[in-house]
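Note sheet for the following structure.
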Amino acid sequence: MEPLESLIARSLAGDSRAFGQIVRRFQDMAFGYAYSILGDFHLAEDAAQEAFVEAYRKLLTLRQPAAFPGWFRRVVFKFCDRLSRVRRVATCPLGTQAEPRARGPTPPEALEASELGQRVLAAVQGLPRAERLATTLYYIDGYTQQQIAQFTEEPLGTVKSRLHNARKLLSRGMMAMVSETLKENAPDNAFARRVTEAVRLYAAKGPGDGRLDSGWHKARRRQTSKLLAGGQDGFRVDVALSHSENARIRAEAALHFGLRGSARGKAHLLRLMRDSSARVRKAAVTQFARLIHPQGRELCFGWALARAAPRVPAGVDKLAAMVADSAPDVRLTALQALAAYVHLGDKVVGNAVKAALADPTHKVHHNAARVLGTRCPGCGSELQMDPSWRGPVPGRQGG
């Protein structure tokens, strides 16, 4: 087995295949750690995949290659934390989502296995967090206690103690079922290939500051132009991309639906506005706002969406609902889009923007005050409404 330090050195030189070996070595560790936090196998796999791509892009920030396990654990935690804050509209409850993968049993056997799997997973989730983490990492792929200690950055004795406590809390017969159930739900062999492909697509420049060179952007524009020019076939490809396991690809599909300027993309954007990924929801809100805006095809992104519109279009209530999204960036994007209609006195729009004044995130309530041309409730700044939004706002009290 090639030393980790050597694989990292090759990855830093831009060798995505070397990083693929790192992925295969740590994929179950990342997945198990994410599952111990999220309690959902599908979300855990999403978090692990996103974390590997982020780790590749930020690999230059790793000062000591030997410290990779603990450093990578913190990257995984960042994505778990993001997912745990997102409204999980697209997922199912733990009892249905975490069933063991089917192996072709008869219906009675499948029912029995499903119920047993749920009891096993419920028992694991019922452990204290530290014991749950140690148990998941130890039994998911046979990682040694020393490897777990390096990953969690804890003393070896602490890991041993937590495994001992977990065995006391779980029955002896259940330990074998825990191992079998976790291994059945661990990432398959295609996981490393998907991550390596994502690295190739989204970090083509190699590890660094995350910026991609102009050649990469030109290639992506050519691919986008080809899809947009593909008519019905291109639209079908975009629909398929919108169901991808990779959030970045789903977000790109949302962009395509908006760039097409076709009403048939609205239904798919509405679906993506309920996506589990905030990145995807933000892209879908932006493109949906462009589609329904009377001058949407001429608009770009950000505050350009706030250009005053002559009427309130159908679907603006969908944007108003997104001001209550769990992700601040999504709420801000929806607020920016609603700014185009505030001057028209629509009650749904007005209530949504006024509600944003009480948003817990400063950049959201600050910009809500900007839209209304009033004082920011957070920093107290007196804000003027942009002239292009056609004020004053009906019924607004002076700032």
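Yes/no matrix, rows are residues, columns are (1) surrounded by 13 or more Cβ atoms within 10 Å (Cβ to Cβ); (2) in the same structural domain as LEU38 (by TED's automatic domain parsing); (3) under 16 Å from PHE26 (Cβ atoms); (4) free of Cβ contacts under 8 Å to residues at least 60 places away in the same chain:
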site: PRO128; (1), (2), (3), (4): no, yes, no, yes
site: THR152; (1), (2), (3), (4): yes, yes, yes, no
site: PRO155; (1), (2), (3), (4): no, yes, no, yes
site: MET174; (1), (2), (3), (4): yes, yes, no, yes
Worksheet item: Here is a list of conditions, (1) at pLDDT 90 or above; (2) among the hydroxyl-bearing types (Ser, Thr, Tyr); (3) under 16 Å from ARG73 (Cα atoms), and SER6 meets all of them except one; can you say which number that is?
Response: (3)
Item to complete: Output the number of the condition that GLN146 fails; it satisfies all remaining conditions of (1) assigned by TED's automatic domain parsing to the domain that holds GLN27; (2) modelled with pLDDT of 75 or more; (3) part of a helix (DSSP H, G or I); (4) surrounded by 12 or more Cβ atoms within 10 Å (Cβ to Cβ).
Response: (4)
Worksheet, complete the sentence: Flagged in segment 1-49 as under 24 Å from the mean Cα position of the chain (by Cα) and charged (D, E, K, R), in numbering order, are ARG24, ARG25, ASP28, ASP40, GLU45, ASP46
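Could you count how many residues in segment 149-172 are in a helix (DSSP H, G or I), among the charged types (D, E, K, R) and closer than 16 Å to GLY32 by Cβ? Full working, then the answer.
At the first step, the residues of segment 149-172 found to be in a helix (DSSP H, G or I) are 149-152, 156-169, 172.
Filter once more, keeping what is among the charged types (D, E, K, R): 160, 162, 167-168, 172.
This time we only want the ones that are closer than 16 Å to GLY32 by Cβ, so: 162.
Number of matching residues: 1.
Yes/no per residue for (1) modelled with pLDDT of 90 or more; (2) under 18 Å from LEU269 (Cα atoms):
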residue	(1), (2)
GLY296	no, yes
TRP303	no, no
MET322	yes, yes
VAL348	yes, no
ALA355	yes, no
ALA358	yes, no
THR374	no, no
GLY378	no, no
Practice prompt. Tell me, yes or no, whether segment 30-43 has at least one residue that is at pLDDT below 85, within 20 Å of ALA327 (Cβ to Cβ) and assigned to a helix (DSSP H, G or I).
Written response: yes
Fill in: segment 326-349: number of residues that are touching a helix residue (DSSP H, G or I) at 6+ places or on another chain (Cβ under 8 Å) and either free of Cβ contacts under 8 Å to residues at least 24 places away in the same chain or crowded, with 21+ Cβ neighbours inside 10 Å (or both)
14
Practice prompt. Within segment 1-20, work out how many residues are without any contact (Cβ under 8 Å) to a residue 24 or more places away in the chain and either in a helix (DSSP H, G or I) or closer than 20 Å to ASP188 by Cβ (or both).
Written response: 4
Worksheet item: Taking segment 120-143 as the region of interest, how many residues are hydroxyl-bearing (Ser, Thr, Tyr) and part of a loop (DSSP other than H, G, I, E, B)?
Response: 1
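Condition first: in contact (Cβ under 8 Å) with a residue 40 or more places away in the chain and surrounded by 23 or more Cβ atoms within 10 Å (Cβ to Cβ). Now tell me which residues in segment 314-325 satisfy that. Please lay out each step first, then the result.
Taking segment 314-325 first, the residues in contact (Cβ under 8 Å) with a residue 40 or more places away in the chain are 315, 318, 322, 325.
Hit for segment 314-325 is MET322, nothing else.
The values are calculated or read from the model by the stated rules, or taken from the named source; none is laboratory data. Quick caveat, the model's predicted, so the values are computed rather than measured. For neighbour counting, all protein chains shown are included, and Cβ atoms are generated from backbone atoms with ideal geometry for every residue, glycine included.
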